[in-house]
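Working notes for the structure below.
The values are calculated or read from the model by the stated rules, or taken from the named source; none is laboratory data. All of these numbers come straight from a predicted model, not from anything done at the bench. Neighbour counts are summed over all protein chains in view; Cβ atoms, including those assigned to glycine, are modelled from backbone coordinates with ideal geometry.
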């Protein structure tokens, strides 16, 4: 639903209920056709007809505005930058849904429109604006929402009973299997109860209220817990370290060393901020990181098994012989398996394949031998009946031999074939693990670059 054309002028915000319902239905149909389900948690907190200001703890985007419009039953008016509305289709949607747009250099008219709509009992949606890393509660993320709330409550009419609600979004991206979009509405609070009492200047009151709203946004119900976020940062540092180590091995640089390497403060602040601004992104990156870590663990375990294998498997010739026996011997093993199905069925039915704990082992093995020999007798009699005694005479000695080789073949698969295969596949697995790490770091670097561009910082 995007085009390369960008709209850089504010869009009028009609308040036609019929137009809103029609275009909301179109947006809901689009989400349904793209197999995306929107689930709203605690929607009852938004019920009622009073003025409401929703502060969304998520970077502003046109898609997120559509998610909120489609998910919420109560009509909402979204405040977004005009530059996010791209192309004629999005322009039509923005007009029909009554979105309020603004230019970054002149947002006062849009803020005034929001205050006027609140005085008419409307529900307004604002998004936080990611800024440079700052201490928790720095107040730089929710300035627009704070300005709207303070202006609405300070209007001559006053006493609107404006409700402030923090809204948390979980938008799955990347490798996440789920396509469910989650909206969680926080506990509503009266704006007059949240306004600072000890600030006389208007700018100071806006800053204090913005700081309070930011603290509410940081309580995102979808965020990673501190221990999980800490583990993510540790693994992220290890991924960067291994990548740097590999680059130094391929392209030695005398002045570059790994000692003292640690994540930059920018990366740590980005992760902490994304944990409550865009937890879906962080969870996706965490899954990519977990996939690389698991591949590394499996690779290390298989290398350990190969290095600790017996003398015959340490030589390439021995591994080739094992793999050849695995291929050629599969015919004999299959013959043995087919001819022992009757015995296996009887053993399973009598519970002798896996006897109960405490049972007599000698007696168990005697009964097993009796059942196997009995199945041999039955099968030989059947062969003699259909193909004659000579065929039965040839068939009989193959049964115990095939059974013994089936036993050996099972041992071969468990203890030698697997190790021989891993030995020949170690380089391929190492390449796959490296590719997973490179893909993960590419995703991380892409996310960091986008964040730096959003903040206006040099790459």
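Remark: residue 416 falls outside the filter, which requires a residue to be under 30 Å from residue 60 (Cβ atoms) and either modelled with pLDDT of 85 or more or surrounded by fewer than 17 Cβ atoms within 10 Å (Cβ to Cβ) (or both).
Applying the set (1) closer than 30 Å to residue 324 by Cα; (2) at pLDDT 90 or above to residue 425 leaves exactly one unmet item: (2). Of the strands (runs of 3 or more DSSP E) that lie entirely inside region 55-133, those containing 1 or more residues that are under 23 Å from residue 152 (Cβ atoms) and within 24 Å of the chain's Cα centre (by Cα) span 123-128. Applying the criterion of at least 3 residues that are under 21 Å from the mean Cα position of the chain (by Cα), assigned by TED's automatic domain parsing to the domain that holds residue 402 and under 30 Å from residue 455 (Cα atoms) to the helices (runs of 4 or more DSSP H) found wholly in region 237-354 leaves 265-277, 279-307. Restricting attention to region 294-308, the residues being within 22 Å of residue 439 (Cβ to Cβ) and in contact with a helix residue (DSSP H, G or I) (Cβ under 6 Å, 6 or more places away or on another chain) number 4.
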